[in-house]
Amino acid sequence: MNLTALYKGHFIDTPTPGQFRVRKDAIAIVEDGKLLSLEREVPAQFSSLPVKDSGAGVVIPSFIDLHVHAPQHMQMGVGLTLGLLDWLENHTFPRESRFADEAYARSLYPLFAAELLRQGSLRSVVYGTVHLESTLILAQALEKAGLIAFVGKVNMDRNAPDDLKETSEASFKGSEEFCRRLAGQGRVRPIVTPRFAPSCTKKLMKELGRLSQRLNLPVQSHLAETLTEAQWVSQLFPESRSYTDVYNDCGLLGPASLMAHAIFLNDEEINLIMERESTLVHCPSANINLGSGIMPLGRYLDRGVNLGLGSDVGAGHTLAMYRSVVQAVQASTLLRILRPEENHRAVTLSEAFYLATMGNGKFFTRQGWVPCGAFEPGMSFDALAIDMGLPEAVDLSPLNQLERFLYAGDDRHIKTRILAGRQL
Ligand code: GUN
Ligand code: FE
């Protein structure tokens, strides 16, 4: 079946981080959900087809959120001035416990999926809770909203409240069953999810490492988000050389591994991440809210580390990835200003936008999806039409319109959402 559609507009993307590519008044020819080409005119063989014109606005690749906690959606903004560990204990864990109740999950997860859609995050990599059935309900909610996602059942077999703590055996078996029940070629697929080293025993993490290898599944976790947590890890795992090494020892570090935060890594750890081709996920909103620290993003970019960007809701306070893009720029700018002796550089807006689209898209591509994240021939046609609705006299260039949207726009300015050629 050859379903062809034509879209006209000012297309902006970042196939490489260094700069925005702007193609004004272009025609996108989309066939079977993929971009065939971007043309200046409608080619003769398609002249009978209608052209969907996005008008004066801009068309950009839809956003991808590489790190987000669905059960924390409703607590965004709550208790965020506590540090990480107190926030987990006082707010997050008690709230996550409530997802033992499937009716509760059924009532809340569709709202999370709707908000991802509204904010233009059409692909995401999502944490559920330790609860198998509720996390399957989360996967169904994302599927039903038409979104593409990886979803993980969280594992914790220590240092968690009693009602969230599983036995190692139950945690592993639950994950295995979760991955089996969600496996397949659907839009929503499983990801192995040890929460973070402090809440998992080595025995459990090793089993999860083997599970990911046996079923060829990706892995997500948290790494070196705060100094207190990192010190705790060195006490809990005295035999490991570093925090990163704990995951490596357990077979959890590979090209399909996403490690969120990674603020406090030494050179040896960065080299290990690069050797394993794992991806570090920057979550600037959460890092500033919880007072954790600032990832040296510019330095990682310059070293060629695989990088992505996440909202990390609910430690992050918005699902809008366009805000995370700006926060990444702001955080790196603060690092440069505040620690001049360390020679940090601010990242550019195009670099941050690249992470939220093309950079994050590489994770999906590596997992066997049709490539996504930019408007290149053969890529999945994932797009948002943005219109700021400014008076014509303001006369902003397409690139200036995009800049204004990223900093000061909101979901009202997202007029159309298209995923794999399908309007949602
Ligand atoms: N580390 C372990 N769990 C969490 C979580 O839910 N959020 C954040 N930001 N860090 C964590
Ligand atoms: Fe997180």
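The values are calculated or read from the model by the stated rules, or taken from the named source; none is laboratory data. Quick caveat: nothing in here was measured; it's all calculated off a predicted structure. Because the Cβ atoms are built from the backbone with ideal geometry, glycine has one as well, and the counts that use them run over all protein chains shown.
Counting only residues that are among the small types (Gly, Ala, Ser), away from ligand 2 (no atom under 12 Å from the Cβ) and within 21 Å of the chain's Cα centre (by Cα), which one in the range 207-230 is surrounded by the fewest Cβ atoms within 10 Å (Cβ to Cβ)?
Out of the qualifying residues, it is Ser212.
If we only count helices (runs of 4 or more DSSP H) wholly inside the range 273-361, which ones have 1 or more residues that are touching a residue at least 24 places away in the same chain (Cβ under 8 Å), within 16 Å of ligand 1 (Cβ to nearest atom) and in the same structural domain as Pro255 (by TED's automatic domain parsing)?
Correct list: 284-289, 321-338.
Would you confirm whether any residue within the range 398-416 is within 21 Å of Arg21 (Cβ to Cβ) and among the acidic types (Asp, Glu)?
Yes.
Looking at the range 253-265, is at least one residue more than 17 Å from the chain's Cα centre (by Cα), outside any helix (DSSP H, G or I), surrounded by 23 or more Cβ atoms within 10 Å (Cβ to Cβ) and away from ligand 1 (no atom under 16 Å from the Cβ)?
Scanning the range 253-265, I find at least one residue that is more than 17 Å from the chain's Cα centre (by Cα), outside any helix (DSSP H, G or I), surrounded by 23 or more Cβ atoms within 10 Å (Cβ to Cβ) and away from ligand 1 (no atom under 16 Å from the Cβ), so the answer is yes.
For the range 185-202, check the following and say yes or no: at least one residue is within 16 Å of ligand 2 (Cβ to nearest atom), more than 19 Å from Asp312 (Cα to Cα) and surrounded by fewer than 24 Cβ atoms within 10 Å (Cβ to Cβ).
No - not one qualifying residue is present in the range 185-202.
Which members of the range 273-294 meet the condition of being of a type outside the set (Ser, Thr, Tyr) and within 16 Å of Ser221 (Cα to Cα)?
Ile273, Arg276, Glu277, Leu280, Val281, His282, Cys283, Ala286, Asn287
In this structure, is Arg123 surrounded by fewer than 18 Cβ atoms within 10 Å (Cβ to Cβ) and more than 16 Å from ligand 2 (Cβ to nearest atom)?
Here the answer is no, as Arg123 does not meet what is asked.
Has the range 359-372 got any residue that is of a type outside the set (Gly, Ala, Ser), touching a Pro at 6+ places or on another chain (Cβ under 6 Å), surrounded by fewer than 22 Cβ atoms within 10 Å (Cβ to Cβ) and farther than 17 Å from Met259 by Cβ?
Yes, because at least one residue in the range 359-372 is of a type outside the set (Gly, Ala, Ser), touching a Pro at 6+ places or on another chain (Cβ under 6 Å), surrounded by fewer than 22 Cβ atoms within 10 Å (Cβ to Cβ) and farther than 17 Å from Met259 by Cβ.
All but one of (1) of a type in the set (S, T, N, Q); (2) in contact (Cβ under 8 Å) with a residue 12 or more places away in the chain; (3) surrounded by fewer than 24 Cβ atoms within 10 Å (Cβ to Cβ); (4) within 25 Å of Ser285 (Cα to Cα) hold for Asn400, so report the exception by its number.
It is condition (2) that Asn400 fails.
Among the residues of the range 179-206, write down those that are more than 21 Å from the chain's Cα centre (by Cα) and part of a helix (DSSP H, G or I).
The answer is Arg180, Arg181, Pro198, Ser199, Lys202, Lys203, Leu204, Met205, Lys206.
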